[in-house]
Amino acid sequence: MENCIFCKIVAKQIPSDAIYEDEDLLAFKDIHPAAPVHFLIIPKLHLATLADAKPEHAELLGKMLELAPKLAQQQGCGVTKNADGGHIGGYKTLINTGPDGGQEVYHLHMHVIGGSKRNRD
Ligand code: 5GP
Ligand code: ZN
């Protein structure tokens, strides 16, 4: 998609701090992190918003959700259990959709934000 900054990142026309890539997805660190861990998971396919996803994209969306905990773990904000069996750690997963949803880049992306409770409520 012409003039889409995330398509340009996928095409390596502009650089990114990538942390994961496969045939369908790319994950890279957010240029303006809101917390110690802040990365984005995007489909390589250009979908402008979550609202543009169709039933045939369900598997792709599932892959994005499935990848988030794995990368969060690698990036140091995964959920683990303490000695009492309680959960510790964690992160937010966020998809802003449309102007009223705070979306700024119109190529579907999921934020994964963790590592601190500051600035993410
Ligand atoms: P949105 O508000 O659309 O959900 O979030 C877009 C995110 O993309 C923002 O957190 C912003 O910092 C990030 N972003 C925008 N342009 C770039 C870029 O060129 N490179 C990277 N790594 N992140 C970007
Ligand atoms: Zn795009």
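The values are calculated or read from the model by the stated rules, or taken from the named source; none is laboratory data. What you see is a predicted model, and the numbers here were worked out from it, not measured in a lab. FYI the Cβ positions are ideal-geometry reconstructions off the backbone, even for glycines, and counts take in every protein chain you see.
The table that follows gives values for the structure above.
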read-out: All positions within the stretch 72-110 that are under 22 Å from H46 (Cβ atoms), more than 16 Å from ligand 2 (Cβ to nearest atom) and part of a strand (DSSP E or B); value: T93, L94
read-out: Options I31, I41, I9: the member that is assigned to a loop (DSSP other than H, G, I, E, B), of a type in the set (V, I, T) and either at pLDDT 95 or above or farther than 23 Å from D100 by Cβ (or both); value: I31
read-out: Looking only at the stretch 12-28, and only at residues there that are in contact (Cβ under 8 Å) with a residue 12 or more places away in the chain, in a loop (DSSP other than H, G, I, E, B) and more than 11 Å from ligand 1 (Cβ to nearest atom), the one that is farthest from H107 (Cα to Cα); value: E23
